[in-house]
Amino acid sequence: MTTEVDGSYPAAQRTPDGGLASTPISPAVRDERTAIGAAHAKAILFGEHAVVYGAPAVAIPLHALSATARVRPRPAGTHIHSALFRGEADEAPARVQPLLEALYSALRRAGHTGQGVDLRLDSTIPYERGLGSSAAVAVAVARAVAALEHCDFDAEDVHAIAMDAEKIAHGKSSGLDPRTVASAVPIRFLDGKVAAVPVGARLDFVLADTGRAGATGKAVSAVRRRLEAEPDVVTPLIDRLGELAEIGMSCMATGDREALGAHMCEVHRHLAELGVSDLTLERLVDAADRAGAMGAKLTGGGRGGCIVMLARDEEHAEQMESDLRRAGATRTWRTAVEAA
Ligand code: MEV
């Protein structure tokens, strides 16, 4: 993790696991220090919702979007400076509570004995779009507090802090989002355990925003109610979504874009049957089809938020971005997963 003396903020240093490297600070400037932590966004390719019931899932980091937390000691109280709120923590609105929970959880785990903390949050990850904003913010805060307090949070500490914050943001979380925003590479997630996904050929993805805020917590609750009311309908869908995650992973390993795209489309159909798609998502998925996407699906909790599309190559990804914006996407992003 990068810890630096007051002043300008250099880019955080990356360690091979995607974490932030730490450098010691001079005791002489201890009270003027600012510590920085960062995390990126994510996109789920396979397994959203089904993962809540123990099915496997596959997700990729979205390095183009990130959250950066800067913390420094202050004489008393907690001051927050973010796009959603600027002021003393005890006056913060409900939407800022997950951020505060991440901060307090991290400070508790670090054995913080100082009096107050000033937290500044800068994020390019749009809120409530299924891109892991709340998880990335929590991981960024955890990493910044670790740097501030000179403690070595390992991946499990950071994850536990992010899970504390996710409970407030979305209710029960599978843990997939916090794991993906902390990973530099695509992951397979099963029962809380994470493994890197082998990738046989470069894969170009495009994300497109419906402009409608999703509500992950509500979507997860709706699926649970449906499962309780209609187990005979919903259980096979969840099982198939789990199978598709395993099949999708093999397609990534062999670099078979055609099969990967076809399976992403099948995932979208099952998520729609689960009831987590909506008109805005269906419009973008149709537009993706017209733009020649090899596969397209909603990503994350759904009911608004974003779709993820697989392109033939980089040039096609660029073309799809403009096609999707013309079709009504409010924002688009591109990301590539390199062969590894
Ligand atoms: C949200 O990004 C993913 C969900 O599967 C919820 C979760 O995994 O906790 C919908």
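Looking at this structure, is Ala327 farther than 25 Å from Ile187 by Cβ and not polar (S, T, N, Q)? First the steps, then the outcome.
On the way: farther than 25 Å from Ile187 by Cβ: yes; not polar (S, T, N, Q): yes.
Taking the combined requirement at face value, the residue satisfies it.
Among the candidates Ala229, Ala213, single out the residue that is surrounded by fewer than 16 Cβ atoms within 10 Å (Cβ to Cβ), modelled with pLDDT of 95 or more and within 16 Å of the ligand (Cβ to nearest atom). Can you show your working first?
On the way: Ala229 fails: within 16 Å of the ligand (Cβ to nearest atom).
Going through Ala229, Ala213 in turn, the sole match is Ala213.
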#### Entry: The listed residue being surrounded by 22 or more Cβ atoms within 10 Å (Cβ to Cβ), within 21 Å of Gly47 (Cα to Cα) and out of contact with any strand residue (DSSP E or B) (no Cβ under 7 Å at 6 or more places or on another chain), out of Gly300, Gly295, Gly304
Gly304
### Message
Return the pair list, or none, for Cβ contacts closer than 9 Å from residues in segment 166-184 that are more than 15 Å from Val58 (Cβ to Cβ) to residues that are of a type in the set (S, T, N, Q) and near the ligand (Cβ under 7 Å from one of its atoms), at least 6 apart or on different chains.
### Response
Glu166/Ser173; Lys167/Ser173; Ala169/Thr216; His170/Thr216; Gly171/Thr216; Ser173/Thr216
### Message
Of everything in segment 310-334, what is over 20 Å from Thr254 (Cβ atoms) and assigned to a strand (DSSP E or B)? Give them in sequence order.
### Response
Arg331, Thr332, Trp333, Arg334
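Considering each residue of segment 96-137, count those that are among the aliphatic types (A, V, I, L, M), within 20 Å of Gly217 (Cβ to Cβ) and touching a strand residue (DSSP E or B) at 6+ places or on another chain (Cβ under 6 Å), and give that number. Explain how you work it out, then say what you get.
Within segment 96-137, the first condition is being among the aliphatic types (A, V, I, L, M), and the residues that meet it are 96, 99-100, 102-103, 106-107, 110, 117, 119, 121, 125, 131, 135-137.
If we keep only those that are within 20 Å of Gly217 (Cβ to Cβ) as well, we get 96, 99-100, 102, 125, 131, 135-137.
In the following step, the residues that additionally are touching a strand residue (DSSP E or B) at 6+ places or on another chain (Cβ under 6 Å) were identified as 125, 131, 136-137.
Total satisfying the criteria: 4.
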### Query
If you go through segment 138-151 one residue at a time, do you hit one that is touching a strand residue (DSSP E or B) at 6+ places or on another chain (Cβ under 6 Å), surrounded by fewer than 19 Cβ atoms within 10 Å (Cβ to Cβ) and charged (D, E, K, R)?
no
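Where in segment 150-261 are the helices (runs of 4 or more DSSP H), entirely inside, with at least 3 residues that are of a type in the set (Lys, Arg)? Can you show your working first?
Numbers: elements: 155-170, 176-181, 216-229, 231-254.
Because the criterion is at least 3 residues that are of a type in the set (Lys, Arg), the helices (runs of 4 or more DSSP H) in segment 150-261 that meet it are 216-229.
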## Note on the structure
Residue pairs within 9 Å by beta carbon, gap of at least six or interchain, first lying in segment 80-102 and closer than 16 Å to Val117 by Cβ, second in a strand (DSSP E or B) and of a type in the set (Lys, Arg), listed first then second, are Ile80/Arg86; Ile80/Arg120; His81/Arg70; His81/Arg120; Ser82/Arg120
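The values are calculated or read from the model by the stated rules, or taken from the named source; none is laboratory data. Note that the coordinates shown come from a computational prediction; the quantities given were computed from them, not determined experimentally. Positions of Cβ are backbone-derived with ideal geometry, glycine not excepted, and every protein chain shown enters the neighbour counts.
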